[in-house]
Amino acid sequence: MKKSIQNFAVGLICSASMLACSKSTTTTVMPVTAVRVNDIPADTIVGLSAQGAPITNGKYTFYSIEKNAIVPNTDSATTKWDIAFMSTRIITNGGTSGIGQGGAFVFTGLFDALKTIPTDSVFKTDNAPASYAITTGSGKGWYNYDGLTNLITPLAGRVLVIRTASGKYAKIEIISYYKGGVTLPATASDMDKLTKQRYYTFRVAYQPNGTKTF
(Lines give C-alpha, C1' and ligand atoms only; values in the text may rest on other atoms or scores of the structure.)
Protein backbone atom coordinates (compact mmCIF):
# COMPACT_ATOMS: atom_id res chain seq x y z
CA MET A 1 0.00 0.00 0.00
CA LYS A 2 2.98 2.32 -0.38
CA LYS A 3 1.93 5.09 -2.75
CA SER A 4 3.00 8.70 -3.08
CA ILE A 5 -0.52 9.52 -2.09
CA GLN A 6 -2.81 7.02 -0.37
CA ASN A 7 -6.59 7.45 -0.59
CA PHE A 8 -8.90 5.27 1.37
CA ALA A 9 -12.21 5.35 3.22
CA VAL A 10 -12.21 3.90 6.67
CA GLY A 11 -15.10 1.89 8.11
CA LEU A 12 -14.79 1.35 11.81
CA ILE A 13 -16.53 -1.84 12.86
CA CYS A 14 -16.30 -3.54 16.24
CA SER A 15 -17.33 -7.11 16.98
CA ALA A 16 -18.32 -8.51 20.34
CA SER A 17 -14.90 -10.09 20.68
CA MET A 18 -13.21 -6.75 20.07
CA LEU A 19 -15.29 -5.16 22.83
CA ALA A 20 -14.23 -7.87 25.23
CA CYS A 21 -10.61 -7.28 24.27
CA SER A 22 -10.85 -3.52 24.75
CA LYS A 23 -12.05 -4.02 28.32
CA SER A 24 -9.00 -6.03 29.27
CA THR A 25 -5.76 -4.58 30.47
CA THR A 26 -3.93 -5.93 27.42
CA THR A 27 -4.64 -4.30 24.08
CA THR A 28 -4.18 -6.32 20.91
CA VAL A 29 -3.15 -4.52 17.74
CA MET A 30 -5.82 -5.26 15.16
CA PRO A 31 -4.85 -5.70 11.51
CA VAL A 32 -6.67 -3.45 9.06
CA THR A 33 -8.09 -4.99 5.91
CA ALA A 34 -8.62 -2.99 2.74
CA VAL A 35 -11.51 -3.83 0.42
CA ARG A 36 -12.99 -2.02 -2.56
CA VAL A 37 -16.53 -0.80 -1.90
CA ASN A 38 -19.00 0.52 -4.48
CA ASP A 39 -17.26 2.58 -7.16
CA ILE A 40 -15.46 4.95 -4.81
CA PRO A 41 -11.82 5.32 -5.96
CA ALA A 42 -10.59 4.47 -2.49
CA ASP A 43 -10.21 1.62 -0.05
CA THR A 44 -12.42 0.84 2.93
CA ILE A 45 -10.52 -0.12 6.06
CA VAL A 46 -12.40 -2.38 8.45
CA GLY A 47 -11.50 -3.24 12.02
CA LEU A 48 -11.43 -0.13 14.20
CA SER A 49 -14.07 1.08 16.67
CA ALA A 50 -14.63 4.29 18.59
CA GLN A 51 -16.89 2.95 21.30
CA GLY A 52 -15.51 5.17 24.04
CA ALA A 53 -17.12 5.67 27.43
CA PRO A 54 -18.75 3.95 29.15
CA ILE A 55 -18.16 0.78 27.12
CA THR A 56 -14.38 0.94 27.39
CA ASN A 57 -14.21 3.17 30.45
CA GLY A 58 -13.28 6.25 28.49
CA LYS A 59 -10.39 4.77 26.53
CA TYR A 60 -9.48 6.06 23.09
CA THR A 61 -8.88 3.95 20.01
CA PHE A 62 -5.49 5.02 18.64
CA TYR A 63 -4.80 4.91 14.91
CA SER A 64 -1.75 5.44 12.74
CA ILE A 65 -2.56 7.13 9.44
CA GLU A 66 1.01 6.59 8.26
CA LYS A 67 0.96 2.84 8.87
CA ASN A 68 -2.78 2.28 8.40
CA ALA A 69 -2.97 0.33 11.66
CA ILE A 70 -4.55 0.39 15.08
CA VAL A 71 -2.07 1.25 17.83
CA PRO A 72 -2.38 -0.32 21.32
CA ASN A 73 -3.31 1.89 24.25
CA THR A 74 0.03 1.06 25.83
CA ASP A 75 1.65 3.20 23.09
CA SER A 76 -0.53 6.24 23.75
CA ALA A 77 2.47 8.16 25.13
CA THR A 78 4.50 7.63 21.94
CA THR A 79 4.54 9.01 18.40
CA LYS A 80 3.26 5.73 16.96
CA TRP A 81 -0.28 7.08 16.53
CA ASP A 82 -1.65 10.10 14.66
CA ILE A 83 -5.31 10.38 15.65
CA ALA A 84 -7.52 8.74 18.25
CA PHE A 85 -11.27 8.30 18.60
CA MET A 86 -13.66 8.18 21.53
CA SER A 87 -17.32 8.56 20.69
CA THR A 88 -17.58 11.77 18.61
CA ARG A 89 -14.29 13.17 19.85
CA ILE A 90 -11.17 12.94 17.69
CA ILE A 91 -7.79 13.93 19.11
CA THR A 92 -4.41 14.41 17.47
CA ASN A 93 -0.94 13.45 18.68
CA GLY A 94 0.19 16.84 19.89
CA GLY A 95 -0.48 19.49 22.50
CA THR A 96 -2.03 18.04 25.65
CA SER A 97 -2.96 14.81 23.87
CA GLY A 98 0.44 13.51 22.80
CA ILE A 99 4.15 14.09 22.39
CA GLY A 100 4.08 14.23 18.59
CA GLN A 101 3.90 17.10 16.12
CA GLY A 102 0.20 16.44 15.56
CA GLY A 103 -2.40 19.10 14.92
CA ALA A 104 -5.44 19.77 12.78
CA PHE A 105 -7.97 22.22 11.49
CA VAL A 106 -11.40 21.89 9.90
CA PHE A 107 -11.47 22.94 6.24
CA THR A 108 -14.75 24.06 4.70
CA GLY A 109 -14.99 22.68 1.19
CA LEU A 110 -15.00 19.47 -0.81
CA PHE A 111 -12.60 16.63 -0.08
CA ASP A 112 -11.61 16.14 -3.72
CA ALA A 113 -11.24 19.88 -4.27
CA LEU A 114 -8.63 20.22 -1.52
CA LYS A 115 -5.52 19.59 -3.60
CA THR A 116 -3.09 21.69 -1.55
CA ILE A 117 -3.30 22.87 2.04
CA PRO A 118 -3.60 26.68 1.91
CA THR A 119 -0.44 28.52 2.94
CA ASP A 120 -2.32 30.62 5.49
CA SER A 121 -3.76 27.56 7.27
CA VAL A 122 -3.35 27.45 11.04
CA PHE A 123 -2.96 24.01 12.60
CA LYS A 124 -4.37 23.90 16.11
CA THR A 125 -3.25 21.53 18.85
CA ASP A 126 -5.30 19.94 21.61
CA ASN A 127 -5.59 21.91 24.83
CA ALA A 128 -7.78 19.53 26.78
CA PRO A 129 -10.23 19.90 28.31
CA ALA A 130 -10.69 23.51 27.23
CA SER A 131 -10.39 22.93 23.48
CA TYR A 132 -9.35 20.47 20.80
CA ALA A 133 -7.76 20.86 17.39
CA ILE A 134 -10.85 19.23 15.90
CA THR A 135 -13.61 21.22 17.53
CA THR A 136 -16.11 19.23 19.55
CA GLY A 137 -19.85 19.81 19.74
CA SER A 138 -22.78 19.73 17.34
CA GLY A 139 -22.34 22.00 14.32
CA LYS A 140 -18.87 23.10 15.39
CA GLY A 141 -16.54 20.48 13.97
CA TRP A 142 -17.38 17.49 11.79
CA TYR A 143 -20.91 16.50 12.85
CA ASN A 144 -24.42 17.60 13.70
CA TYR A 145 -26.50 16.10 16.51
CA ASP A 146 -30.27 16.03 16.12
CA GLY A 147 -31.85 16.08 19.55
CA LEU A 148 -35.21 14.95 18.20
CA THR A 149 -33.92 11.80 16.52
CA ASN A 150 -30.74 11.31 18.60
CA LEU A 151 -28.74 10.84 15.40
CA ILE A 152 -25.22 12.00 14.53
CA THR A 153 -24.76 13.17 10.94
CA PRO A 154 -21.47 14.32 9.35
CA LEU A 155 -21.60 17.92 8.20
CA ALA A 156 -21.37 18.28 4.44
CA GLY A 157 -18.34 20.12 3.12
CA ARG A 158 -16.16 19.59 6.18
CA VAL A 159 -12.66 18.15 5.77
CA LEU A 160 -10.35 17.39 8.68
CA VAL A 161 -6.82 18.39 7.74
CA ILE A 162 -4.39 16.46 9.90
CA ARG A 163 -0.73 16.99 10.73
CA THR A 164 0.57 13.60 11.79
CA ALA A 165 2.78 12.79 14.75
CA SER A 166 5.84 12.98 12.50
CA GLY A 167 4.79 16.26 10.90
CA LYS A 168 3.35 14.94 7.63
CA TYR A 169 -0.12 15.67 6.28
CA ALA A 170 -3.44 13.97 5.60
CA LYS A 171 -7.03 14.95 4.88
CA ILE A 172 -10.10 13.14 6.17
CA GLU A 173 -13.77 13.22 5.21
CA ILE A 174 -16.06 11.44 7.64
CA ILE A 175 -18.86 9.65 5.84
CA SER A 176 -20.77 7.84 8.58
CA TYR A 177 -20.89 7.35 12.34
CA TYR A 178 -22.87 4.12 12.20
CA LYS A 179 -22.07 0.46 11.69
CA GLY A 180 -21.79 -0.57 8.07
CA GLY A 181 -21.21 2.98 6.88
CA VAL A 182 -24.93 3.65 6.67
CA THR A 183 -27.09 6.64 7.52
CA LEU A 184 -29.69 5.55 10.04
CA PRO A 185 -33.22 6.82 9.32
CA ALA A 186 -35.01 8.97 11.88
CA THR A 187 -37.40 6.05 12.35
CA ALA A 188 -34.64 3.68 13.46
CA SER A 189 -35.25 2.00 16.79
CA ASP A 190 -33.61 3.30 19.93
CA MET A 191 -31.73 0.01 20.16
CA ASP A 192 -30.30 0.45 16.65
CA LYS A 193 -29.27 4.00 17.47
CA LEU A 194 -27.52 2.78 20.60
CA THR A 195 -25.80 -0.35 19.31
CA LYS A 196 -24.84 0.83 15.82
CA GLN A 197 -23.28 4.16 16.74
CA ARG A 198 -19.56 4.96 17.16
CA TYR A 199 -18.50 3.09 14.03
CA TYR A 200 -16.76 5.58 11.77
CA THR A 201 -16.50 5.39 8.00
CA PHE A 202 -14.19 7.97 6.45
CA ARG A 203 -12.00 8.74 3.48
CA VAL A 204 -8.43 9.78 4.05
CA ALA A 205 -5.63 10.89 1.75
CA TYR A 206 -2.14 10.77 3.21
CA GLN A 207 0.95 12.40 1.71
CA PRO A 208 4.02 10.44 2.92
CA ASN A 209 6.63 12.75 1.37
CA GLY A 210 5.86 15.56 3.79
CA THR A 211 4.47 18.06 1.29
CA LYS A 212 1.08 19.73 1.66
CA THR A 213 -0.14 18.66 -1.76
CA PHE A 214 -2.51 15.74 -2.28
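The values are calculated or read from the model by the stated rules, or taken from the named source; none is laboratory data. Just so we're clear, the structure is a prediction, and the values are computed from it rather than from any experiment. Surface accessibility is based on the protein's heavy atoms, side chains included, excluding ligands, DNA and RNA. Shrake-Rupley method; radii C 1.70, N 1.55, O 1.52, S 1.80 Å.
Taking amide H positions as modeled 1.01 Å from N, with prolines and chain starts lacking one, the residues under 5 Å from residue 178 and 5 or more places away or on another chain are 199, 201. Each residue of the range 198-214 is assigned a 3J(HN,Hα), and the resulting list reads 6, 10, 6, 10, 8, 9, 9, 10, 10, 9, x, 8, x, 7, 9, 10, 9 Hz, derived from the Karplus form 6.51 cos²θ - 1.76 cosθ + 1.60 (θ = phi - 60°), x at Gly and Pro. Per-residue 3J(HN,Hα) values for the range 137-142, derived from phi via the Karplus relation 6.51 cos²θ - 1.76 cosθ + 1.60 with θ = phi - 60°, read x, 4, x, 10, x, 10 Hz in sequence order (x marks Gly and Pro). From the square roots a ≥ b ≥ c of the eigenvalues of the alpha-carbon gyration tensor of the range 122-205, which class results: rounded (a/c under 1.5), prolate (a/b over b/c), or oblate? Prolate, because a/c is 1.5 or more and a/b exceeds b/c. In whole percents, the pair-distance distribution calculated for the range 68-214 from its alpha-carbon pairs, binned every 5 Å from zero, is 2, 9, 18, 22, 20, 15, 9, 4, 1, 0. Taking each residue as 0.36 nm, the span from residue 145 to residue 78 lengthens on full extension beyond its C-alpha to C-alpha distance by 20.9 nm. The heavy atoms of residue 66 present about 60 square angstrom of accessible area, all protein chains included, probe 1.4 Å. Legend: distances between Cα atoms for 124/212; 80/168; 59/212; 59/80; 59/115; pairs beyond 25 Å are 59/212; 59/115. 3J(HN,Hα) along the range 61-75, derived from phi through the Karplus expression 6.51 cos²θ - 1.76 cosθ + 1.60 where θ = phi - 60°, amounts to 9, 8, 9, 9, 5, 4, 9, 6, 8, 7, 10, x, 4, 5, 9 Hz, with x in place of Gly and Pro.
Cα-based Rg of the range 58-135 per 2.2 N^0.38 Å, rounded to two decimals?
1.13
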